[in-house]
Amino acid sequence: MPNLQTDLYASSVTGHMRMLDVFFQNGPLSFTNNKKKNHTNISFIATMAAAEIPNHTAKKFNTELTDYSVAHEDKTGPYAPDLEVDALVVGAGFAGIFMLKTLRDRGYKTVIFEAGNDTGGTWRWNCYPGAMVDSEVPEYEFSWPEVWKTWNWPANYPTYQDLRSYFDHVDKVIGVKKDTAFNTVVVGAHFDTDEGRWHIKTEDGRLTKAKYLVLGTGFAAKRYIPDWPGMDKFKGTIHHSSFWPDEEVSVNGKRCGVIGTGASGVQIVQAWGPKAAEVKVFQRTPNLAVPMRYRKLSVEEQERGKTWYPELFKYRETSFAGFHYDWYEKETFDDTPEERDALYESVWEKCGFRYWVAVYKDNLFDAKANEESYKFWAKKTRARIGDPRKRDILAPLDMPHFFGIKRPCLEYSYYEQFNRETVDVVDIKNNAIKEFTETGILLTDGSHHEFDVIAVATGFDIVTGVMTQLGLESINKTKLQDDWVKGCETYLGVTTSGFPNMFHIYGPHGPTLLSNGPTSVEIQGRWIADAIDKMNKNNIKYINPKPEATKEWKQHILDLNNRSLFPTTRSTYMGGSMPNKIVEPVCYSGGIPAYTKEIRAALDNMEGFDIVEQ
């Protein structure tokens, strides 16, 4: 008899149908309803009666977006089986919603296909314990006056619940859901050069045609789950952080394991530390996290500040990383040691990402300069950890890698959690996970750790994996996932050669992980809308980036990256840590202002594109 309490059916109706399949095979069972809020509000029974039950074997936990596909009873609007539109946008997060409104306002018939069951992108998927954003507001929101004038936040760093409420507000103001098909997973697409249109297939069998295909899928939509032996044998509760169920997973009195120390791992530890009977954190590389300085915001404070919002939204596009602050104007060794310490201290006091991209301007480019910032970080962080063994694992005196060349995580009590006798860190850099057992995790050295609940916080096939999972086919009859095996290639970080009239936002070769999300989204989104306008006004059937322009842009990305310290460590900026994935820069590292100037110049003269007229 399966233990459905341990199954990760996360947020899909598909999951319920699989449970029903088990029910019919095994007789009546008692199970936890793990379905996330469904935007359609139709009953569970009616949904299952209308849906075609997929012919899949029930899995221990969801691992693919297709696990969330549903055969829809509704055959109208964005769910029409033979839909034809001007633009199809994939993803209903910041990028997708920005493109929907922007293109719709300019007169283009536009719809969104979203794999999840509601708007919000990352913030519908990421509902793991303690999930919250690492950019402050109003940096981290849309610049549309009709939205921000009627919205106030509870705190400077919103939680995932706050962001879900925000996206519901956005929908009420501009109307997103009426033009969005949910639980709709793109599994294939090719461009017909005769028609000048994309043919897009979804997992539930629909075919949609669109002149423009816009991928608003960001950098973190393909989860990475290592193929550890025995994961299906574990009899406790196990979830991937980005496929977490909406309802609370109780950890009171339970032994908990957290695998990974990225942003989600840090936040889960902060949430579980005060509650669980035991928490063990499996760390491969120390997270050089910095304090976020979380604080509550009053309505009065925000209403007063809205006088400056229009200027603040413009200003965020003028800084290196899209925030309301920028590099200090001096280089590190222009100051004396005492002056350096004073600057670090002043930035640390406000902290957040300021201690990443508002310190000395050579910090990500000069090794000796970077060492100074690490020494200060280590001094501040080690003082917060009482146990010498834990201290040396979490914040070693010897720098594990240059500071800030892995995107820092923000925290508010992460290091203090390890002062609890019930919270420990297990160094697995040279003692990897060998396998899962029925009761826990076995390491290479033979040590066994027993758990009731495990969080797999191993992140994503970062940046490039989002696009390679969609089944995209070029006009040369090649698949994008094959084309990019030896490295991704784009032009301007928004287009891809061989894929005419296809655009992507907050993905490969844009500022992406080196920037505040909404800042990059609006810069790239306006560019895409302007490119589409220019094509229509000039009777252009399609544009296709030239191979030589693509190679030049790739070399430009490499040259920018080689000026920095990023190549010294495998990180999200270098394609992530998935086995067998090529190590290469995936982000534009020249800063937001330079990026904007470059892509705008290319649009002015359509340099780098083959242009085919009607």
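The values are calculated or read from the model by the stated rules, or taken from the named source; none is laboratory data. Source: prediction; values computed, not measured. Please note: Cβ atoms are built from the backbone with ideal geometry, for glycine as well, and neighbour counts cover all protein chains shown.
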Exercise for the section: Could you look through the range 355-398, keep only residues that are farther than 15 Å from Val290 by Cβ and aliphatic (A, V, I, L, M), and pick out the one that is surrounded by the most Cβ atoms within 10 Å (Cβ to Cβ)? Expected result: Ala369
Fill in the blank from the handout: Those residues of the range 123-171 that are farther than 20 Å from Tyr414 by Cβ and modelled with pLDDT under 95 come to a total of 3
Practice task
Might you check whether a residue that is among the hydroxyl-bearing types (Ser, Thr, Tyr) and either within 18 Å of the chain's Cα centre (by Cα) or at pLDDT below 95 (or both) occurs anywhere in the range 465-473?
Solution key: yes
Problem - Sole residue being touching a residue at least 24 places away in the same chain (Cβ under 8 Å), within 30 Å of Phe402 (Cβ to Cβ) and either basic (Lys, Arg) or outside the structural domain of Gly498 (by TED's automatic domain parsing) (or both), chosen from Arg570, Arg563 - result: Arg563
Fill in the blank from the handout: Of the candidates Ser520, Ser497, Ser515, the one satisfying the condition of being small (Gly, Ala, Ser) and in contact with a strand residue (DSSP E or B) (Cβ under 9 Å, 6 or more places away or on another chain) is Ser497
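Tell me which helices (runs of 4 or more DSSP H) are completely within the range 317-395 and hold 3 or more residues being within 27 Å of the chain's Cα centre (by Cα), or say none if there are none. Break it down into steps so the answer makes sense when it comes.
Values: elements: 337-350, 354-357, 367-382, 388-394.
Ranges flagged: 337-350, 354-357, 367-382.
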Exercise for the section: Select from the range 511-553 the residues that are touching a helix residue (DSSP H, G or I) at 6+ places or on another chain (Cβ under 9 Å), in a helix (DSSP H, G or I), charged (D, E, K, R) and over 26 Å from Val133 (Cα atoms) and list them in ascending order. Expected result: Asp530, Lys534
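Quick one: in the range 556-614, which of the residues that are assigned to a helix (DSSP H, G or I) and modelled with pLDDT under 90 is farthest from the chain's Cα centre (by Cα)?
The extreme case among them is Met574.
What number of residues within the range 91-123 are in contact (Cβ under 8 Å) with a residue 60 or more places away in the chain, within 21 Å of Tyr68 (Cα to Cα) and touching a Lys or Arg at 6+ places or on another chain (Cβ under 7 Å)? Give the steps one after another, and end with the answer.
Initial filter on the range 91-123 (in contact (Cβ under 8 Å) with a residue 60 or more places away in the chain): 91-104, 106, 108, 110-119, 121-122.
Then drop every residue that is not within 21 Å of Tyr68 (Cα to Cα), which leaves 91-97, 111-119, 121-122.
Next, only the ones that are touching a Lys or Arg at 6+ places or on another chain (Cβ under 7 Å) stay: 116-119.
Residues flagged as in contact (Cβ under 8 Å) with a residue 60 or more places away in the chain, within 21 Å of Tyr68 (Cα to Cα) and touching a Lys or Arg at 6+ places or on another chain (Cβ under 7 Å) within the range 91-123 amount to 4.
Just a yes or no: is a residue in the range 329-342 under 28 Å from Met132 (Cα atoms) and surrounded by 13 or more Cβ atoms within 10 Å (Cβ to Cβ)?
no
Among Gly498, Gly510, which is in contact (Cβ under 8 Å) with a residue 40 or more places away in the chain and surrounded by fewer than 23 Cβ atoms within 10 Å (Cβ to Cβ)? Explain how you work it out, then say what you get.
Details: Gly510 fails: surrounded by fewer than 23 Cβ atoms within 10 Å (Cβ to Cβ).
After applying the criteria, what remains is Gly498.
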Problem - Residues of the range 241-256 classified as in a strand (DSSP E or B) and either in contact with a helix residue (DSSP H, G or I) (Cβ under 9 Å, 6 or more places away or on another chain) or buried (at least 24 other Cβ atoms within 10 Å of the Cβ) (or both), total - result: 1
Exercise for the section: For Arg304, indicate whether it is more than 17 Å from Phe403 (Cα to Cα), of a type outside the set (A, V, I, L, M, F, W, C), touching a residue at least 40 places away in the same chain (Cβ under 8 Å) and surrounded by fewer than 18 Cβ atoms within 10 Å (Cβ to Cβ). Expected result: no
Exercise for the section: Report the residue count in the range 174-189 for those that are closer than 17 Å to Glu84 by Cβ and either of a type in the set (D, E, K, R) or out of contact with any Gly (no Cβ under 9 Å at 6 or more places or on another chain) (or both). Expected result: 2
Exercise for the section: Quickly run through the range 67-94 and pick out the residues that are among the aliphatic types (A, V, I, L, M) and over 18 Å from the mean Cα position of the chain (by Cα). Expected result: Val70, Ala71, Ala80, Leu83, Val85, Ala87, Leu88
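Would you check if Thr596 is more than 30 Å from Gly107 (Cα to Cα), in contact (Cβ under 8 Å) with a residue 24 or more places away in the chain and surrounded by fewer than 21 Cβ atoms within 10 Å (Cβ to Cβ)? Explain how you work it out, then say what you get.
Numbers: more than 30 Å from Gly107 (Cα to Cα): no; in contact (Cβ under 8 Å) with a residue 24 or more places away in the chain: yes; surrounded by fewer than 21 Cβ atoms within 10 Å (Cβ to Cβ): yes.
Considered against the rule, which asks whether it is more than 30 Å from Gly107 (Cα to Cα), in contact (Cβ under 8 Å) with a residue 24 or more places away in the chain and surrounded by fewer than 21 Cβ atoms within 10 Å (Cβ to Cβ), Thr596 comes out as no.
Within the range 279-287, identify whether any single residue is farther than 30 Å from Val425 by Cα and not in a helix (DSSP H, G or I), and answer yes or no. Give the derivation first.
So the first thing to find is which residues in the range 279-287 are farther than 30 Å from Val425 by Cα, and the list is none.
The answer is no, given that none of the residues of the range 279-287 is farther than 30 Å from Val425 by Cα and not in a helix (DSSP H, G or I).
Please determine whether any residue of the range 95-112 is of a type in the set (Asp, Glu), at pLDDT 95 or above, over 23 Å from the mean Cα position of the chain (by Cα) and surrounded by fewer than 23 Cβ atoms within 10 Å (Cβ to Cβ).
First, pick out the residues of the range 95-112 that are of a type in the set (Asp, Glu): 105.
Applying the additional criterion that residues be at pLDDT 95 or above yields 105.
Remaining after also requiring over 23 Å from the mean Cα position of the chain (by Cα): 105.
Now narrow it down to the ones that are surrounded by fewer than 23 Cβ atoms within 10 Å (Cβ to Cβ): 105.
Yes, the conditions are met somewhere in the range 95-112.
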Practice task
Check whether at least one residue in the range 281-300 is free of Cβ contacts under 8 Å to residues at least 60 places away in the same chain and either among the polar types (S, T, N, Q) or at negative phi (or both), and report yes or no.
Solution key: yes
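Within the range 169-177, can one find any residue that is closer than 16 Å to Gly471 by Cα and not polar (S, T, N, Q)?
Kept after step one, since they are closer than 16 Å to Gly471 by Cα, are these residues of the range 169-177: none.
No, the range 169-177 contains no residue that is closer than 16 Å to Gly471 by Cα and not polar (S, T, N, Q).
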Practice task
Please name all residue pairs, on different chains or six or more residues apart, with Cβ atoms under 7 Å, provided the first residue is in the range 159-185 and is touching a residue at least 24 places away in the same chain (Cβ under 8 Å) and in the same structural domain as Ala115 (by TED's automatic domain parsing) and the second residue is among the hydroxyl-bearing types (Ser, Thr, Tyr) and part of a strand (DSSP E or B).
Solution key: Asp179/Thr110; Thr184/Thr202; Val185/Thr202
